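Following: one structure in structure tokens, then a few remarks.
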Amino acid sequence: MILFLAALGVLLAGGLGAALAGRRAALATALGAGGALLGGGLGAAAALAGILERSSTTLSVGWGAPFGTIELNIDVLSAVFLLPTFLVPALAAIYGAGYLQHWRHTRSLGGAWFAYDVLVASMALVLAARGTLVFLVAWEVMALASFLLVTFEHERLEVRRAGWIYLVATHLGTAALLVFFLLLGGAGGDFRTPISGQGASAVLPGALFLLALVGFGTKAGLAPLHVWLPEAHPVAPSHVSAVMSGVMIETGIYGILRATLLLGPPPWWWGACLLGIGVVSTLVGVLLALAQQDLKRLLAYSSVEHVGIMAMGGGLGLLGVAGGNTLVALLGFSAALLHMLNHSLFKALLFLAAGAVKHATGTLALDRLGGLLRRMRDTGAVMLAGTLGAAALPPLNGFAGELLLFAAALAAAANAPLELAGPGTLVLITLGLAGALAAAAGVKAFGAVFLGQPRGPEALAAREVKSPMRVPMHLLAAGCVALGLFPALGLVLVARAAVVLADGAGPGMMVAVDAALGLARRAGYAALALLVLASLVALLRRLLLRGRSVGAADTWACGYEGAVPRAQYTGSSLVQPAVAFFKPVLTSTRPAVVPPTGFHPAAASFRADTPDVFRHGFWQPVFRRLAGWLERPRALQHGSTHLYLLYIFVTLLALLAYMRGWSR
Amino acid sequence: MTSATSICLILVVLLSVGVLSATRLATSIRLVAAQGVVLGILPPLVLGGRVGLHVVAFAAGAIAIKAVLMPWLLLRAMREAEVRREAEPFIGFSASLLLAGLLAGAAFLLADELPIPAPDAPLLVGSALATLAIGALVMVSRKKAVTQVLGYLLVENGIFLFGQTVAGGMPTLVELGILLDVLVGVFVMGIAIFHINREFDHMSVPELKALRD
């Protein structure tokens, strides 16, 4: 706990120092990034201690404010989430020190670093807070700090719009959370004490669960509340996107899991609800990721997909607890937690790599990039690692989590009543579909950016980024590879938290843990075997090619020489078969085609956009209707002094009449 | 004595109606001044034999401020700002009068309902309410800023009348406070009118609509 407090202190001191440094860019960067690095290191140590210790540590300080004391507690569930929450921002801070250099003359960096350090500290506080008031304050500070960071380039219109959408979304979520905590407090509970049996009515736990699902689900980016995510994450500076997408959205998953611990034994429909939302999020995320034309938007939708996978794991876990099936419960929860850990690494890595591309070329449009692998070897290598991780392919780290989820779904589908078998089958289908589509999206992201010929002058002029930005990417990639080769290590970190979550399922916990560990070990063997196989193939290729002349030709030129770069595959054409297949779902894909006509065709064009179904089909009509209603009372705001006076007099008269009638 | 009070009260209401019906601003201001005089001599009448020194002093003060100082300020502001002399109503004169009659009738009806004892002057509450209502009507239905000040003064006179229902009058300090308040209000408005006129070349409140958000 002392380490944790020291980490918070260092973070806040660094942030304040950066704020005071203001426009002195070098000093602000040193203080802000240094604070994040040191604080992150201390905090990660505290989190590791929290995972390894048997008992949770608590700090409780009396306070005169309502809702009692300041109480911080690091139990094993908090610690599992705290580990990436401190590690990823510490690495991203090194990267940010290089990334923000671009603005050192035009912009005060002190404010940005202040918001960054405060964001990290508030995320940690959210995970450790137990009292209602401290939690909500930390939650709001987290939202505001990230809003300030999202709107870093606020002179651009789309950045302001995205910030606005984010602010509205996060406040809607917090509104649900306020009601959640009020009801929870009414039933005698808070984030520390479960609600007591006699204080709670029959429907209360269910209502609380739904509120938590809406409130925390908004932050997690679960469909249909995900619409802010693909807006806000792409426009933020890349190290901030990495922190937001890799870590911050996972506080939402933490909130949902924590809430289920407090609300008593879960009925069947909680698990089904969470699982269903997870299925929808996974499919929506991966399909829309497939159709994006902007690298960071693609990654943001991929985050929606992965959060959906975590939700499916949590849903299966809840179903297992409700059905008394320990194996399903433990496998489901450990899949969710392990995937959370892995996602924080590879998604942060992907966003940092995307930022490096942006830094080097100035654009993220897939159709202007290409051929960067030769110009940015390091970035390309780490991007490949991240992409394989996101596509859940061995030997990278995304594989193990999804393997555990597959195992949980199989266990649920194989030998259980229909309440378990049905959702289990659904998860199997979804995961299979999403895995294939995620691989396609990965091919699109990596292929369009790094392979082939440069499609635009920006890509032609690209240079590799400097080492402060490369080092954290390499470290994250090393983490991805390590967790991919030794998934059992990751599982050991999360296993105790999963046991806590799956506690209500019944006997047989040790058997289940052993089964999970065995699976993870086998995933590691598979990764190693694949690595060995790949090395053998490479060796074989070398042997076969020895002594022959080997020529290099343009990629995707079909053997022709000197093909025009515009004639090669584009990002869209790489995934066109998949997108065409899902046209009924991606209904909003309307290509605007101006075909070439006549014998001497003039300029022709093709353009396809895939807007978010939920945003355009649901939220925009809702908000437009709402705005229409709220516009009506503005007719009262007339501007004429006489009318205002008339309002006052009429009100007074009405009050007089009311009092008259009332006293009679 | 009661009849004298009643005559005074009816005079107050009639003067209010007069302010509403006057076509020229100067006339309206003078009518308000006349109402001030009547209001000044009203407290001694209501109190009858129990007239003390402070009541007389207060009546003199009220007359000095309501009947001399404020009208003089307003007339001066009008002259300085070169306000056109017509009242420029939103609601026509006959319609205003009709409304004023209705409001006065409603006020007297309401006064009977209200549980306020006025042993010495039965018309007191009614005429107070009527003056208030007509003042409000003046504020709402006339375009010029000067007329709004006049409506404000009428409302203040209504409140003054209401104060008379409290036996022995309001405490001196409160009455002085109200008087001072009104004086400052009129001062500020007079100056504001003058300055707005200088800056924008007009003084009709509807033109200020452009200032809304």
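What follows is calculated from the coordinates using simple rules that are stated; it is not laboratory data. Treat the numbers as computed from the prediction; the structure is a model and nothing was measured. Glycine gets a Cβ as well: all are built from the backbone with ideal geometry, and neighbour counts include every protein chain shown.
Descriptive notes on the structure:
- The gain in end-to-end length when the residue A:482 to residue A:157 segment is fully stretched comes to 112.9 nm, 0.36 nm per residue minus the alpha carbon separation.
- Within chain A, the selection of entire DSSP H helices by a Cα span of 30 Å or greater along the long axis and an average Kyte-Doolittle value of at least 0.0 returns A:25-52, A:76-99, A:157-186, A:268-291, A:295-323, A:326-361, A:418-450, A:509-545, A:641-663.
- Remark: A:612, B:112, A:294 ranked as B:112, A:294, A:612, counting other beta-carbon atoms within 10 Å and listing the fewest first.
- Placing dummy labels 7 Å off each Cα toward the beta-carbon, the span from residue A:104 to residue A:203 is 6.1 nm.
- Only Lys, Arg (+1) and Asp, Glu (-1) charged, at Cβ; the stretch A:589-662 dipole about Cα centre in debye: 160
- With an a/c value of 1.5 or above and a/b not larger than b/c for the gyration tensor axes a ≥ b ≥ c computed over the alpha-carbon atoms, the stretch A:72-192 is described as oblate.
- At an R0 of 35 angstrom, the distance between the Cβ atoms of residue A:175 and residue A:269 translates into a FRET efficiency of 0.90.
- Placing a pseudo-label 7 Å from each Cα along the Cα-to-Cβ vector at residue A:365 and residue A:657 gives an inter-label distance of 6.3 nm.
- Applying 1/(1 + (r/R0)^6) with r as the Cβ-Cβ distance of residue A:625 and residue B:68 and R0 = 56 angstrom yields a FRET efficiency of 0.40.
- Flagged links, alpha-carbon separation over 25 Å, of A:219/A:444; A:358/A:583; A:347/A:444; A:219/A:466; A:296/A:583: A:219/A:444; A:358/A:583; A:219/A:466
- Estimated [θ] at 222 nm from DSSP helical runs (n ≥ 4, -39500 (n - 2.57)) normalised by residues in chain A, nearest 500: -24000 deg cm²/dmol
- Net lengthening on full extension, residue A:530/residue A:648 (0.36 nm per residue, minus Cα-Cα): 34.5 nm
- Relative contact order, percent, chain A [alpha-carbon distance under 8 Å, six or more residues apart]: 12
- Kirkwood estimate for the stretch A:613-663, i.e. one over the average of 1/r between Cα atoms, Å: 14.1
- Efficiency of FRET from Cβ geometry, residue A:605 and residue A:54, R₀ 51 Å, rounded to 0.05: 0.20
- Largest-first principal axis extents of the Cα set of the stretch A:1-143 (Å): 48, 34, 21
- 24 Å Cα-Cα reach of residue B:66 towards lysines, excluding residues that sit fewer than 8 places from it in its own chain: B:143, B:144
- The modelled label-to-label distance between residue A:563 and residue A:414, using points 7 Å beyond Cα along the C-beta direction, is 4.6 nm.
- On the principal axes of its alpha-carbon atoms, the protein assembly as shown has extents of 130, 79, 54 Å, going from largest to smallest.
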